[in-house]
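Nothing in this text is a laboratory measurement; each read-out follows from the coordinates by a stated rule. Model, not experiment: these values are computed from the prediction. Heads up, the Cβs are rebuilt from the backbone with ideal geometry, glycines too, and the neighbour counts pull from every protein chain shown.
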Amino acid sequence: SLANAGVTSLTAGAGISVTASTGAITIANTVIPKGLGQNGEIWRDVKASRVSGTLYTNTNGYPIMVIASGTASFASPTITVVVNGVTLIAWSFPYGSGQPVSFIVPTGATYSITFASGTIYNSWVELY
């Protein structure tokens, strides 16, 4: 027990509550977890606000998921996904198809999707 160890007081950090009564101490985490599936995230259509090859930053305070797809009228267009300077996806897709890419963006990370010149992106949605 803390009393037996000579502890006479506790300091709680942000989001931690400490309650004490004779012979018992209760420590509880009052911070609501943040992350995919934790706080009612919804899919948001961000296509109108996104530009191929532009670097964005996840400032949400928790990871987000991104899904995008593109279509091209020429052979072997490419899609490249970069997160925090690491290329996660770099591939060519068949003519005329709307091939999707999906990835997770950690808290505070930068990310971009680059479609080959002339590719039309059909969708760009983010879960946050």
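Size descriptors for segment 31-128: radius of gyration and Dmax over Cα atoms are 13.9, 51 Å.
Using the average count of surrounding beta-carbon atoms within 10 Å as a protection proxy, the listed peptides 53-59, 107-113, 73-79 rank, highest first, as 107-113, 73-79, 53-59.
Pop the C-beta distance of Asn60 and Val86 into the FRET formula with R0 = 35 Å and round what comes out to the nearest 0.05. So, using R0 = 35 Å, E works out to roughly 0.95.
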